[in-house]
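The values are calculated or read from the model by the stated rules, or taken from the named source; none is laboratory data. Nothing here was measured: the structure is a model prediction, and the numbers come from that model. Note: ideal-geometry Cβ built from the backbone for every residue, glycine included; neighbour counts use all protein chains shown.
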Amino acid sequence: MSVAVEVRNLKKMYDGGHVHAVDGVDISTEEGEYLVLLGPSGCGKTTLLRTIAGLEQPTEGEVLIGGSVVNGLPPRVRKVAMVFQSYALYPHKTVRANIEFPLKAEQMDKAERAPKAHWAAELLGIDHLLDRKPRQLSGGERQRVALARALVRDPQVFLLDEPLSNLDAKLRASARDELRRFQERLGTTTIYVTHDQAEAMGLGDRIAVMDHGKVRQLGHPVEVYDDPADTFVATFIGSPPMNLVPHDGTLVGFRPEHLLPVETVTGERVTTPFHIERIEYLSGDRHVYGTVTAFGEDTRAIARLPATIPVPLEAGEKHEFGIAVNRVRFFDADSGQRTGPIRLDSHHG
Amino acid sequence: MAEAAIDESPRTARAIARTRLADRDGFLAWIFLVPTVVYVIALVAVPFFLAIAFAFSDVTSGDPSYDWAGLTNFRRVFNDAVFWQSLQNTFVFTIVSMLLIVVLGKVLANILVADFRGKWIVRFLALLPWTTPVALSTVTWLWLLHSIYSPIDWVLRNLGLIGDNVYWLGRPTTAMISIIAVHVWRLVPLAAVIIMVGILSIPNDINEAARIDGAGFWRRMFEITIPLTSPLIAVSALFGAIFTFTDIAVVQVLTGGKPGNSTHVLASWSYIRGIGGGDIGQGAVIALFLFPLLLAAAVLILRAVRRMETI
Amino acid sequence: MATVTSAVPEPEAAERLRRYYARRHVYGRIGVYGAAIFAALACAGPFVWSTITGTKLNADLYDAQNNPFFYNQPPTLDHVAYLFTSTAFPTFAWNTLWVGLVVVVITLVLGVPAAYSIARLNRPWSGPMGIAIFFVYLVPPSLLFLSLSRIVVWLGLQDSTWSLVVIYPTITVPVSTWLLIGFLKALPRDIEEQAMVDGYSRMGAFLRTVVPLLFPGIVAVVVFAFTLTASEFIYALSFVSPTSEKVVSTGIPTELIRGDVFFWQSLQASNVLIAVPIAFVFNLFLARFISGFTMGAVKG
């Protein structure tokens, strides 16, 4: 069973209104959706999650779960489950007792609790660890225990607060994949907080990019990447970030992977000389650092050339680069918002 | 050789020697520690063994020469009913006080960690009994329990609960109750602070996870807070037991052992015999009875601390 | 009763629930404030009442029918004035003050290097020594006072306040060292290592970086050690009997008395005058004591 979560004009202020942790957020999820809140640290994403969970009360606005306003209700009535960044396992309880704890709080019979806990543990492949204490577990195992504890009582909403950030890089990729398959199987509405764009891109049905307590853009991963709503989203997502070239009050934006040697760009294109300063080889790709001199002011930019482009390049030389016209985005230099296209004088020769 | 390169002029040589000494961690470690160790040995370890030696001697403040007296002092102490009374009082005093102190300390700690306006002033007031020199706060209680002007009796009288004053310190049972009450009142703030430290050291996430998992206030208290703070509370309670077991101030100021000698504890009886009566040998014997319990408590503390480290 | 699969409540039910929890929240707040006020009264009540008593007229105080919690006759400061002009209270206060200060200095001179040695110089015996220091604190004065009273006689310090100066560090040094070990463990090692790389000796690094950085901890130790000496009772009682050499903790209970009649008002006034400043200063440093004790316990 799955319900939608909605927040309306949510504000959360601290220090008597001086700090706006969440500053007027409107988001609603679909039923069973996987929504990712993405943003730099301090952008308010965790506060938003905690407000949905009921750990914080909003200063203004409403939180709705399954269509009813849950403001003022404590977490336990909201039927949400949460996985904390630290996993927050009860250190004095065994894995079994950890998983059973939410059931115990619901005053479920002992006889009913055991099979449920076992079911959850089996689902996550930790049924052989049931009698251990948390300190005897590895990071990945702890994460699974936290998940098992979250799902054991069939919550209506999963709230995950950076659950992968305590895992090492190798484990993180497999855990991410697992989380996704898991959610697909359970079909429970999930809100996932992260500052890691790779996680966000890989997991989310939709991504809400947040900054300074506001949602900058809410959309599918492709949308957020290809059509960023403003310069914040454009530079926060993508690694290396989108290049922005100032041009008469407008910023001309293009992603590094679209800035390519002109001989490999087919179709309608704009071109610029690129003064190459440095080349890095990163897992087969070439990251080329240099300065573009067309499109506006001379600006440092990065080009990312996949291994499939063998054009020889060298630091110090000048090479003609091009961008497919439909890949260029425009932003207002003052507000940072997307604007309509302007005419770029392509460089010829 | 390396020495050949060193400038041999006397000043630098001395400077280098000094520098070398000041750089040798092993040397510094000793120099830094020795004064404290010497001091502690001279004025804690030596008197400790001296106390044992005195127990087997006839030393009095009038005749301080040491003569071996064997078990004479022990025999005299054991034949004295006051000693057995004070031994019993010491245990009653310690056990009852510690139970009350831990329970009330937990309650006060819960109040002090709660979020409310004016917390600072409440904390300040709550700590007064502990930070005030014990002899002074006990004097205040002397007056609160006064035979004629006790305000406690005044309240009870005006509520019609008692006809005449209780005369708290005039009867053995009420005097003992008073001693325990004052001691509890004095140490609850300390217990509360320690328990508060324990509560605050539990990561916030754990409490919040329990709230999300549906646990209410009492379940969180009994299934999360108390189990997680219990090692700390156990250790502190053992410390508290040691201080209570060996405390003298409350008894000495509040009753001085009166009425009769019915409210003495070992420490105060040892004082009366050893300093008041000048019979240092006997006083030392009585004080020595503090030692086995201290040892037991110390062993328990070590064990609890070791267990704490494995959690 | 909640069941596992119960849905989030319907809007009307949610509204009812919300009102229920809002009410509970209000009761909870009332409960918290009630408990806080009760706790404050239970702990500080005797002092409030001391203050009232200390400023009462004799005729008001010594009438068993009068309400002891209010002034039945106008208040007076006569007894407070009497305390300062006609009793030995100023002597006691002065003795407590200078004994406390000298003991604090001794404590620091012994304790700071000892703590540094145990916390930082990484000898194999550092750990056991730390525990040993702590256990010295457990050896109670009531076990030692008899033999120490003889030692005081041998030192020729009986009936002199100096005896307390010599003996009190047995109480303050162990606990202060423990506290300082805690503070030292909280200081980053990098800074003194940087000083050593920059050309200072270990000793120089200790004096130039550790001691200044430790200063807040040292201040806390000063307060703590002073409070301990001001509160000490049994040694002061056993070693010193002349009025002029007594400290507050023995002088006030034994000397503010004529025959067997206590100067109750002056006595109560003096208690408040001593208790409030100590508690005030102590509160300022409470957080630091706590962190010192807990840091010392963390194995480093």
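Count of region B:153-171 residues, restricted to those that are part of a helix (DSSP H, G or I), touching a Leu at 6+ places or on another chain (Cβ under 9 Å) and facing chain C (nearest Cβ under 9 Å), is 2.
Only one of the numbered conditions (1) within 30 Å of A:K93 (Cβ to Cβ); (2) surrounded by fewer than 17 Cβ atoms within 10 Å (Cβ to Cβ) is violated by B:G277, and that is (1).
Answer yes if at least one residue in region B:92-99 is more than 8 Å from chain C (Cβ to nearest Cβ), farther than 19 Å from B:G240 by Cα, out of contact with any His (no Cβ under 6 Å at 6 or more places or on another chain) and surrounded by fewer than 19 Cβ atoms within 10 Å (Cβ to Cβ), and no otherwise. There is no residue in region B:92-99 that is more than 8 Å from chain C (Cβ to nearest Cβ), farther than 19 Å from B:G240 by Cα, out of contact with any His (no Cβ under 6 Å at 6 or more places or on another chain) and surrounded by fewer than 19 Cβ atoms within 10 Å (Cβ to Cβ).
Just checking, does region C:239-246 include any residue being modelled with pLDDT of 85 or more, assigned to a helix (DSSP H, G or I) and within 11 Å of another protein chain (Cβ to nearest Cβ)? Looking for residues that are modelled with pLDDT of 85 or more, assigned to a helix (DSSP H, G or I) and within 11 Å of another protein chain (Cβ to nearest Cβ), one finds at least one in region C:239-246, hence yes. A:V95 meets the conditions (1) crowded, with 17+ Cβ neighbours inside 10 Å; (2) under 27 Å from the mean Cα position of the chain (by Cα); (3) of a type outside the set (F, W, Y); (4) more than 14 Å from chain B (Cβ to nearest Cβ) in every case but one. The failed one is (2). Picking from residues in region C:203-219 that are part of a helix (DSSP H, G or I) and in contact (Cβ under 8 Å) with a residue 60 or more places away in the chain, the one that is surrounded by the most Cβ atoms within 10 Å (Cβ to Cβ) is C:G217.
What about A:S174, is it surrounded by fewer than 19 Cβ atoms within 10 Å (Cβ to Cβ), of a type outside the set (D, E, K, R) and not in a loop (DSSP other than H, G, I, E, B)?
Taking the combined requirement at face value, the residue satisfies it.
The criterion of being within 25 Å of B:A81 (Cα to Cα), within 8 Å of chain C (Cβ to nearest Cβ) and either of a type in the set (D, E) or more than 17 Å from the chain's Cα centre (by Cα) (or both) does not hold for B:G281.
Flag: A:R78 matches the condition of being under 26 Å from the mean Cα position of the chain (by Cα), of a type in the set (K, R) and assigned by TED's automatic domain parsing to the domain that holds A:T190.
If you go through region B:108-125 and pick out every residue that is within 24 Å of B:L228 (Cα to Cα), among the β-branched types (V, I, T) and within 8 Å of chain C (Cβ to nearest Cβ), you end up with 1.
Residues are listed down the side, and each one gets a yes or a no for (1) closer than 30 Å to A:R153 by Cβ; (2) modelled with pLDDT under 90:
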residue	(1), (2)
B:A181	no, no
B:M196	no, yes
B:N204	yes, yes
B:A215	yes, yes
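Note on region A:60-92: among residues that are in a strand (DSSP E or B), in contact with a helix residue (DSSP H, G or I) (Cβ under 7 Å, 6 or more places away or on another chain) and touching a residue at least 12 places away in the same chain (Cβ under 8 Å), the one that is farthest from the other protein chains (Cβ to nearest Cβ) is A:V63. None of A:R149, A:R185, A:R153, A:R144 is within 20 Å of A:V5 (Cα to Cα) and buried (at least 21 other Cβ atoms within 10 Å of the Cβ) except A:R153. Per the conditions (1) surrounded by 18 or more Cβ atoms within 10 Å (Cβ to Cβ); (2) part of a helix (DSSP H, G or I), the sole criterion not satisfied by B:L302 is (1). In region B:58-69 there is at least one residue matching the filter, namely being modelled with pLDDT under 85, of a type in the set (A, V, I, L, M, F, W, C), under 22 Å from C:Y235 (Cβ atoms) and surrounded by 14 or more Cβ atoms within 10 Å (Cβ to Cβ). Taking (1) crowded, with 22+ Cβ neighbours inside 10 Å; (2) under 24 Å from B:N204 (Cβ atoms) in turn, A:K104 satisfies each apart from (1).
Against the numbered list (1) among the charged types (D, E, K, R); (2) buried (at least 19 other Cβ atoms within 10 Å of the Cβ); (3) in contact with a strand residue (DSSP E or B) (Cβ under 8 Å, 6 or more places away or on another chain), A:D211 comes up short only at (3).
A:A53 fulfils the conditions (1) at the interface with another protein chain (Cβ under 7 Å from one of its Cβ atoms); (2) modelled with pLDDT under 90 except for a single criterion, (2). When B:I275, B:I286 are screened for being within 11 Å of chain C (Cβ to nearest Cβ), under 30 Å from C:I131 (Cβ atoms) and assigned to a helix (DSSP H, G or I), only B:I286 passes.
Residues that are touching a residue at least 60 places away in the same chain (Cβ under 8 Å) and surrounded by fewer than 21 Cβ atoms within 10 Å (Cβ to Cβ) within region C:162-193 comprise C:V165, C:K185, C:A186, C:R189, listed in sequence order.
A:G290 meets the conditions (1) surrounded by fewer than 15 Cβ atoms within 10 Å (Cβ to Cβ); (2) of a type outside the set (D, E); (3) without any contact (Cβ under 8 Å) to a residue 24 or more places away in the chain in every case but one. The failed one is (1). Reported count of residues in region B:172-212, each being more than 14 Å from chain A (Cβ to nearest Cβ) and of a type in the set (K, R), is 1.
Would you call B:P231 touching a Lys or Arg at 6+ places or on another chain (Cβ under 8 Å), at pLDDT 80 or above, part of a loop (DSSP other than H, G, I, E, B) and more than 8 Å from chain C (Cβ to nearest Cβ)? Criteria not met by B:P231. Restricted to helices (runs of 4 or more DSSP H) entirely inside region C:1-119, those with at least 1 residues that are within 12 Å of another protein chain (Cβ to nearest Cβ) are C:11-54, C:58-61.
A:E100 satisfies every condition listed in (1) within 8 Å of another protein chain (Cβ to nearest Cβ); (2) more than 30 Å from A:D23 (Cα to Cα); (3) not aromatic (F, W, Y) except (1). Tallying residues that are at pLDDT below 85 and facing chain B (nearest Cβ under 7 Å) within region C:144-185 yields 0.
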